[in-house]
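The values are calculated or read from the model by the stated rules, or taken from the named source; none is laboratory data. All values derive from a computational prediction rather than experimental measurement. Backbone-built Cβ (ideal geometry, glycine too); neighbour counts: all protein chains shown.
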Amino acid sequence: MSYIEETLQHVREQSGTETEFLQSVEETLRSLKPVIDEHPKYRRYAVLERLTEPDRMIMFRVGWVDEQGVYHVNRGYRVQFNNAIGPYKGGLRFHPSVNLGIVKFLAFEQVFKNALTTLPMGGAKGGSDFDPKGRSDEEVMSFCQSFMTEFARYIGPDMDVPAGDIGVGKREVGYLFGQYKKITSQFNGVITGKDPNWGGSLMRPQATGYGTVYFAEEMLGTKGESLGGKRCIVSGSGNVAQYTVEKLTMLGAKVLTLSDSGGTIYDKDGIDREKLAFVMDLKNNRRGRISEYVEKYPSAEYLDGANPWSIPCECAFPSATQNELELEDAKALVKNGCSLVSEGANMPCTAEAVGLFLENKLMYGPGKAANAGGVATSGLEMAQNAQHLSWPREEVKGRLRSIMKDIHTLVSETAAQYGRPHDYVMGANIAGFVKVADAMIDQGIV
Ligand code: NDP
Ligand code: 2IT
């Protein structure tokens, strides 16, 4: 049996019920075949075994009381996966679906993604099965304070630096940081995604969405094309989706859809700046549902319970959650002439869907590369915090743009080097792997 298959069998035996983690490890390891075959040192130093076993997994109880006086217990998680190239770094997700397998998959992806950013960051992820939906600001604050009371001992600006993800935005980051400061008396760069008024980086809110669009521009550039005039479909309506729409619109593309877990809105006239401002207020301030869009703009349609993938387009930007785009959805995209998929979310496309995209030679940007602009800008926030400085918007924006270009160059050149120039899955995984694996070998078995 090959080294990769042996490792996969071991991971299946150890973690067989963690389906998303297994999915991510299988997709990643299988694409490493050429580099593993070429370099026996990775087997000699047991790199795959070490790379698939987190450094540590922390689970803790989070108790809090709601406004009716009802007591609640949730579970908190942090998987510190690998710190070979820098301090642990990765977001926190608050969503009822969160479990150990999901946090492990996200942390595993983060190791490779962070390695592609060119910045010194290891990989981690955390969160809770707490559901912020329908909770008041005060309830969310109580939960965040209780979460941080335990979590503070595991993090630090040179140890582990969390940030946002699904269900954790500016509000939650504020409450988490406030409690960290209360407990430790330290004002430092322990968490990113802070408000620029108190240590956050300009452009961090925009960074993931903008970065995903920049990655798409780079892919199109290889064919002499641009986003101008292209019909685009976007899923989700949170942080990543909103700034994906903003940048697409700025570049002259026409965005036809947004969605949430209830359904999809289809606006054949395009979601322009004014309509996007409505969505941002609806989602970020009023915490409403995307279905309310059609009450405001009746010429748009609401597709109850549906995802956007059946709407004809040239470019698709899955920006909601894992496995939101399955084989049947991929078939619909291909049939309708879609030629580009750039992933804002983490692992939004199933392995079968990705297989179909590659078979049909679509330009496909895997999340590890395409959505790395968010964590890269978190890395820039860490740098600013360490310097006790704030960089001007143009400086951060310029760095984000060039980081996305560099990631694209690295991924496409690595794919070409291994004989599959259009296979950015292989390019991203091998490029991220080599950087982390070689650092692990240099530092010995620890
Ligand atoms: P938000 O919480 O801001 O928004 C999440 C969006 O996705 C909401 O519209 C939500 O709808 C929808 N969604 C969540 N879960 C599901 C589900 N199970 N089924 C259907 N829709 C769902 O999160 P972000 O925009 O920050 O994150 C979106 C994706 O991008 C995630 O995969 C995240 O890991 C990834 N990502 C985020 C980065 C960041 O900087 N924020 C960086 C890189 C990747 P509803 O309101 O109905 O739940
Ligand atoms: O998936 C991700 O890259 C994020 N949620 C952002 C992580 C970060 O540390 O900014």
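Would you check which residues across region 133-189 are more than 16 Å from ligand 1 (Cβ to nearest atom), in contact with a Ser or Thr (Cβ under 8 Å, 6 or more places away or on another chain) and within 16 Å of Tyr77 (Cα to Cα) and list them?
Phe147, Ala152
Go through the residues of region 190-202 one by one and say whether even a single one is within 18 Å of Gln384 (Cβ to Cβ), crowded, with 19+ Cβ neighbours inside 10 Å and among the basic types (Lys, Arg).
Yes, region 190-202 contains a residue that is within 18 Å of Gln384 (Cβ to Cβ), crowded, with 19+ Cβ neighbours inside 10 Å and among the basic types (Lys, Arg).
Among all residue pairs at least 6 apart or on different chains, which show Cβ distances below 8 Å where the first residue, located in region 331-342, is without any contact (Cβ under 8 Å) to a residue 24 or more places away in the chain and the second is outside any loop (DSSP other than H, G, I, E, B) and surrounded by 21 or more Cβ atoms within 10 Å (Cβ to Cβ)?
Close Cβ pairs (under 8 Å, with a partner that is outside any loop (DSSP other than H, G, I, E, B) and surrounded by 21 or more Cβ atoms within 10 Å (Cβ to Cβ)) amount to Ala332/Trp309.
If I filter region 16-39 down to residues being over 18 Å from Ile430 (Cβ atoms) and modelled with pLDDT of 95 or more, which single residue comes out as surrounded by the most Cβ atoms within 10 Å (Cβ to Cβ)?
So, considering only residues that are over 18 Å from Ile430 (Cβ atoms) and modelled with pLDDT of 95 or more, the one surrounded by the most Cβ atoms within 10 Å (Cβ to Cβ) is Phe21.
Of the residues Val334, Val279, Val375, Val354, which is within 16 Å of ligand 2 (Cβ to nearest atom) and not small (Gly, Ala, Ser)?
Result: Val375 is the single residue among Val334, Val279, Val375, Val354 that is within 16 Å of ligand 2 (Cβ to nearest atom) and not small (Gly, Ala, Ser).
Would you pick out the residues in region 109-142 that are in contact with a strand residue (DSSP E or B) (Cβ under 6 Å, 6 or more places away or on another chain) and surrounded by fewer than 24 Cβ atoms within 10 Å (Cβ to Cβ)?
Within region 109-142, Asp129, Pro132, Ser142 meet the criteria.
Do the conditions hold for Gly344, that is, is it part of a loop (DSSP other than H, G, I, E, B) and buried (at least 22 other Cβ atoms within 10 Å of the Cβ)?
yes
Enumerate the helices (runs of 4 or more DSSP H) found wholly within region 354-446, keeping only those where 2 or more residues are surrounded by fewer than 20 Cβ atoms within 10 Å (Cβ to Cβ).
Qualifying helices (runs of 4 or more DSSP H): 372-387, 393-417, 424-443.
Where in region 40-137 are there helices (runs of 4 or more DSSP H), lying wholly inside it, with at least 3 residues that are modelled with pLDDT of 95 or more and more than 21 Å from Asn346 (Cα to Cα)?
41-44, 47-51
The rows are residues; the columns are (1) at negative phi; (2) free of Cβ contacts under 8 Å to residues at least 60 places away in the same chain; (3) not aliphatic (A, V, I, L, M).
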position: Ile4; (1), (2), (3): yes, yes, no
position: Thr17; (1), (2), (3): yes, no, yes
position: Val25; (1), (2), (3): yes, no, no
position: Leu32; (1), (2), (3): yes, no, no
position: Lys41; (1), (2), (3): yes, no, yes
position: Met59; (1), (2), (3): yes, yes, no
position: Glu67; (1), (2), (3): yes, no, yes
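Kindly list the number of the only condition in (1) in contact with a helix residue (DSSP H, G or I) (Cβ under 6 Å, 6 or more places away or on another chain); (2) buried (at least 23 other Cβ atoms within 10 Å of the Cβ); (3) among the aliphatic types (A, V, I, L, M) that fails for Ala216.
Going through (1) in contact with a helix residue (DSSP H, G or I) (Cβ under 6 Å, 6 or more places away or on another chain); (2) buried (at least 23 other Cβ atoms within 10 Å of the Cβ); (3) among the aliphatic types (A, V, I, L, M) one by one, Ala216 breaks only (1).
Within region 335-354, can one find any residue that is closer than 21 Å to Thr212 by Cα, charged (D, E, K, R) and at pLDDT 95 or above?
Within region 335-354, one or more residues are closer than 21 Å to Thr212 by Cα, charged (D, E, K, R) and at pLDDT 95 or above.
Output the number of the condition that Gln322 fails; it satisfies all remaining conditions of (1) in contact with a helix residue (DSSP H, G or I) (Cβ under 7 Å, 6 or more places away or on another chain); (2) closer than 23 Å to Asp165 by Cβ; (3) surrounded by fewer than 18 Cβ atoms within 10 Å (Cβ to Cβ).
All conditions pass for Gln322, except number (3).
Which of the residues that make up region 190-207 are farther than 23 Å from Val103 by Cβ and more than 16 Å from ligand 1 (Cβ to nearest atom)?
Asn197, Trp198, Gly199
Do we find that Phe187 is more than 22 Å from Gly367 (Cα to Cα), of a type outside the set (Gly, Ala, Ser) and within 15 Å of ligand 2 (Cβ to nearest atom) in this structure?
When the stated conditions are applied, Phe187 does not pass them.
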